[in-house]
Amino acid sequence: MSTNKDLYAQGLETRRAVVGNEHVDRSLNSASDFSRPMQEMITEWAWGNIWNRPGLDRKQRSLLNIGMLTALNRSYELGVHIRGAVNNGLTEIEIREAIMHATVYCGAPAGMEATRTAERVLNEMVERGEHQRELK
């Protein structure tokens with residue numbers, strides 16, 4: 001159970017606004033007794049606290065996530081946050097440039113994987129009517 005109901009509620013609202021109801025519902029509804037505490041902690045701590053701190057807006061936080069997840073080569077989470085980046089107002093060019101910038105520092109294999117992930121998510125968003133491609 002979450003230790004701070006206000007932070008959890010705020011985190012849930014922010015998480016839904018950034019990555020979408022479908023992803024959040026799937027994550028929470030599929031949580032087991034083993035994984036549920038992790039879902040609650042991330043919702044409260046990351047989404048309720050960190051994502052709502054002053055100093056950076058959501059667009060800037062999305063840019064940071066793209067760079068970090070590219071460097072860590074975490075394709076699944078990167079895909080979630082590519083969708084969030086679009087929802088937070090990043091353009092395809094900004095997403096591409098964030099990946100290219102990260103590639104210089106973390107290597108071509110991670111950058112290529114991030115590029116493939118971003119392209120896949122952007123295309124899925126088009127197929128679902130959630131986005132129009134800026135770059136063909």
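Would you pick out the residues in the stretch 51-71 that are exposed (fewer than 13 other Cβ atoms within 10 Å of the Cβ) and either over 14 Å from residue 98 (Cβ atoms) or of a type in the set (Val, Ile, Thr) (or both)?
Of everything in the stretch 51-71, those that are exposed (fewer than 13 other Cβ atoms within 10 Å of the Cβ) and either over 14 Å from residue 98 (Cβ atoms) or of a type in the set (Val, Ile, Thr) (or both) turn out to be 53, 54, 55, 57.
May I ask you to list the residues in the stretch 56-93 that are farther than 16 Å from residue 42 by Cβ, touching a helix residue (DSSP H, G or I) at 6+ places or on another chain (Cβ under 7 Å) and of a type in the set (Asp, Glu)?
Correct list: 92 only.
Pairs, please: C-beta under 7 Å, at least 6 apart or cross-chain, first residue free of Cβ contacts under 8 Å to residues at least 12 places away in the same chain and closer than 16 Å to residue 90 by Cα and in the stretch 103-132, second of a type outside the set (Asp, Glu) and not in a helix (DSSP H, G or I)?
Sorted first by the residue in the stretch 103-132, then by its partner, the pairs are 126/132; 126/133.
Please go through the stretch 17-56 and give me each residue that is closer than 21 Å to residue 88 by Cβ, outside any helix (DSSP H, G or I) and among the aliphatic types (A, V, I, L, M), ordered by number.
56
Of the numbered conditions (1) under 30 Å from residue 9 (Cβ atoms); (2) over 11 Å from the mean Cα position of the chain (by Cα); (3) of a type outside the set (A, V, I, L, M); (4) part of a helix (DSSP H, G or I), residue 94 satisfies every one except a single condition; which is it?
(1)
Within the stretch 86-96, restricting attention to residues that are under 14 Å from residue 64 (Cα atoms) and of a type in the set (A, V, I, L, M, F, W, C), which residue is surrounded by the most Cβ atoms within 10 Å (Cβ to Cβ)?
The extreme case among them is 95.
Suppose we filter 15, 74, 83 for residues that are touching an Asp or Glu at 6+ places or on another chain (Cβ under 9 Å) and surrounded by 16 or more Cβ atoms within 10 Å (Cβ to Cβ); which single one remains? Give the derivation first.
Details: 15 fails: touching an Asp or Glu at 6+ places or on another chain (Cβ under 9 Å); 74 fails: touching an Asp or Glu at 6+ places or on another chain (Cβ under 9 Å).
83 is the lone residue from the list that is touching an Asp or Glu at 6+ places or on another chain (Cβ under 9 Å) and surrounded by 16 or more Cβ atoms within 10 Å (Cβ to Cβ).
Among the listed residues 22, 127, which satisfies the condition of being more than 30 Å from residue 9 (Cβ to Cβ) and charged (D, E, K, R)?
127
Take residue 70 and tell me if it is among the hydroxyl-bearing types (Ser, Thr, Tyr), over 20 Å from residue 13 (Cα atoms) and in contact (Cβ under 8 Å) with a residue 40 or more places away in the chain.
Criteria met by residue 70.
Scan the stretch 57-91 residue by residue and report those that are under 21 Å from residue 22 (Cβ atoms), small (Gly, Ala, Ser) and part of a helix (DSSP H, G or I).
Of everything in the stretch 57-91, those that are under 21 Å from residue 22 (Cβ atoms), small (Gly, Ala, Ser) and part of a helix (DSSP H, G or I) turn out to be 62, 75, 79, 84, 85.
Every read-out reported here was derived from the displayed coordinates using simple, explicitly stated rules and does not represent laboratory data. Here the structure is a predicted model, which means the values were calculated and not measured. We place every Cβ from the backbone using ideal geometry, glycine too, and count neighbours over all the protein chains shown.
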